[in-house]
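**Q** Structure provided below as structure tokens; questions to follow.
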Amino acid sequence: MKIIVIGAGAWGTALAVSAARNPLGHRVVLWARDGAQAANIHDTRENARYLPGIPLPRELHVRGGDVQGLLDAVSAAELLVVATPVAGLRPALALLQGVEVPAAWLCKGFEPAQDPGAAHPFGLMPHEIQRQVAPGLRAGALSGPSFAQEVARGQPTALVAASRHAEVRQALVDAFHGPTLRVYGNDDLVGVEVGGAVKNVLAIATGLADGLNLGLNARAALITRGLAEMARLGLALGGRQESFMGLSGLGDLVLTATGDLSRNRKVGLLLAEGKTLQDAVQSLGHVAEGVYSARTVLQRARHLGVEMPITECMVALLAGELKPVEAVAALMGRDPKGELL
């Protein structure tokens with residue numbers, strides 16, 4: 001299969017490496033927006049900025065530069081994978097709107113609101129962006145519990161290929177399923193995307209609790225009640241309950257909330273130390289999507305009448321309206337209620 005991965009960050013690079021190593025012998029191109037970055041990665045056979053220490057297989061070709069060059073490369077592809085952050089998805093899909101081959105995005109989160117005066121003045125999920133920008137594109141998402149470093153090292157990982165189009169799901173399975181990477185299909189694109197977006201916010205909360213040394217009981221409670229919040233929002237947006245017990249729901253939440261490689265968890269840990277949000281984000285060197293999508297998650301929830309108390313406290317914390325200990329007190333001070341409500 002001819003595969004192009006657009007975006008040479010950590011996750012895009014890791015999946016390109018994985019596909020290039022696949023025994024089926026895929027022809028994989030990793031496309032970097034910056035031509036100089038592409039040349040450096042090609043020459044050194046390492047993405048030192050985003051995935052240091054991981055040698056690129058010789059089967060992986062690295063390209064970059066002008067838009068026309070990208071479009072020329074896309075014309076020969078059989079699968080396109082967009083590996084930009086959520087903020088870069090709209091312009092990327094605008095370039096690909098006339099493409100006829102299957103496409104998928106890797107980003108997890110909500111786009112910042114575009115226009116406060118619009119009919120829907122809140123941020124959109126990736127599939128909603130695609131519906132606006134490239135409605136004819138047969139596309140979906142590749143998601144699930146995965147750290148880029150572990151995938152690039154060939155450590156066992158399971159992902160979910162989500163799309164309403166069976167051919168997109170199959171193309172993703174064919175491209176990435178291999179000896180160390182399992183890919184499962186799911187036609188519930190909404191549920192998969194909600195799980196991937198909301199878990200980032202909940203991971204900040206869990207990192208905060210761990211940073212405050214609140215104990216393992218508190219961590220388990222936050223993960224469990226966070227999963228309930230995620231499912232409530234997902235069902236209201238049109239997702240299916242079973243998706244939230246799968247790889248992109250419970251699986252990704254557990255990984256992001258407890259894994260030491262999680263950037264969102266790290267934000268919570270740093271806030272617990274007394275760091276400002278600006279200092280915490282700058283120290284990461286990479287995007288922590290939960291910081292940018294928390295407010296939009298809450299906006300969508302309020303618009304639908306969905307209660308999300310953990311998310312609400314995280315939004316107040318990130319906005320500087322609550323201190324870490326105050327956020328915990330606010331959650332623990334809520335009135336009792338039934339578990340399944």
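The values are calculated or read from the model by the stated rules, or taken from the named source; none is laboratory data. Bear in mind that the values here come from a model prediction, so they are computed numbers and not experimental data. When we count neighbours, we look across all protein chains shown, and the Cβ atoms used for this are built from the backbone with ideal geometry, even at glycine. Ligands, DNA and RNA are excluded from the accessible area calculation, which covers all protein heavy atoms including side chains. Shrake-Rupley method; radii C 1.70, N 1.55, O 1.52, S 1.80 Å.
**Q** Angle between the Cα long axis of helix 35-44 and the longest principal axis of the chain, 0 to 90 degrees, nearest 10?
**A** For helix 35-44, the angle is close to 80 degrees.
**Q** In whole Hz and in residue order, list the ³J(HN,Hα) couplings for the range 156-173 that follow from phi through the Karplus curve 6.51 cos²θ - 1.76 cosθ + 1.60, θ = phi - 60°; x for Gly and Pro.
**A** x, 8, 10, 10, 10, 9, 10, 6, 6, 9, 4, 5, 5, 4, 5, 4, 5, 5
**Q** Also, quick follow-up: Specify the angular offset, from 0 to 90 degrees and rounded to the nearest 10, of the alpha carbon long axis of helix 263-272 from the longest principal axis of the alpha carbons in the chain.
**A** The angle comes out near 30 degrees.
**Q** When N is the residue count of the chain, what does its C-alpha Rg come to as a fraction of 2.2 N^0.38 Å? All intermediate terms of the calculation are to be shown ahead of the outcome.
**A** Values: Rg = 19.6 Å, N = 341, 2.2 N^0.38 = 20.2 Å.
Normalised Cα radius of gyration, the chain: 0.97.
**Q** Now for a separate question. Can you give the charge dipole size of the chain about its Cα centre, rounded to the nearest 20 debye, using +1 on the beta carbon of Lys and Arg and -1 on the beta carbon of Asp and Glu? Could the numbers behind the result be given before it?
**A** Numbers: 31 positive and 31 negative charges, 55 e Å.
Dipole size: approximately 260 debye.
**Q** If packing is taken as the average number of other Cβ atoms within 10 Å across a peptide's residues, how do 198-211, 51-64, 4-17 rank, most packed first? Let's see the in-between values first.
**A** Values: 198-211: 28.1, 51-64: 16.7, 4-17: 25.9.
Result, highest mean first: 198-211, 4-17, 51-64.
**Q** At a 10 angstrom cut-off on C-beta neighbours, averaged per residue, how do the peptides 172-184, 78-90, 140-152 rank from highest to lowest?
**A** Numbers: 172-184: 18.7, 78-90: 21.2, 140-152: 23.8.
Packing proxy ranking, top to bottom: 140-152, 78-90, 172-184.
**Q** Classify the range 301-341: rounded, prolate or oblate, from the alpha-carbon gyration tensor (a ≥ b ≥ c, eigenvalue square roots; a/c under 1.5 rounded; otherwise prolate if a/b is larger than b/c)?
**A** The shape class here is oblate.
**Q** Hey, another quick one. State the percentage of accessible surface on the chain attributable to carbon and sulfur atoms; use a 1.4 Å probe and exclude ligands, DNA and RNA. Walk me through the intermediate numbers first.
**A** Details: 8000 of 14930 Å².
The value for the chain is 54 percent carbon and sulfur by accessible area.
**Q** Out of residues 5 or more away from R27 or on other chains, whose amide H comes under 5 Å of its own, with H placed 1.01 Å from N in the peptide plane?
**A** The list, which skips near neighbours in sequence, is K2, I3.
**Q** Before I look further, what does the range 84-173 give for accessible area per residue, probe 1.4 Å, in whole square angstrom? Kindly include the intermediate steps, with their values, before the conclusion.
**A** On the way: 3590 Å² over 90 residues.
It amounts to 40 Å² per residue over the range 84-173.
**Q** Still on this structure, I have one more. Where only protein heavy atoms count, and the probe is 1.4 Å, what is the accessible area per residue for the range 204-295 in Å²?
**A** Details: 4020 Å² over 92 residues.
Each residue of the range 204-295 exposes 44 Å² on average to a 1.4 Å probe.
**Q** Note down the Stokes-Einstein diffusion coefficient of the range 177-252 in µm²/s, whole number, using a Kirkwood radius over alpha carbon pairs, 20 °C, and 1.002 mPa s.
**A** Working: Rh = 13.1 Å.
Reported coefficient: 163 µm²/s.
**Q** Mind checking the log10 I(q)/I(0) for the range 228-280 at q = 0.21 Å⁻¹? Debye, one equal scatterer per Cα, no solvent, two decimals.
**A** Those come out to -0.77, one per q.
**Q** Next question. Work out the count of Lys pairs in the chain where the Cα-Cα distance is under 29 Å, with the pair 8 or more places apart or on different chains.
**A** Lysine pairs meeting the criterion: 13.
**Q** Ok, one more. I'd like the Karplus ³J(HN,Hα) series for the range 198-211: coefficients 6.51, -1.76, 1.60, θ = phi - 60°, whole numbers in Hz, and an x wherever there's a Gly or Pro.
**A** Residue by residue, the range 198-211 yields 6, 4, 5, 5, 5, 5, 4, 4, 5, x, 4, 4, 5, x Hz.
**Q** If you average the C-alpha positions of the range 247-272 and of the range 36-84 separately, how far apart do those two centres end up, in angstrom?
**A** 28
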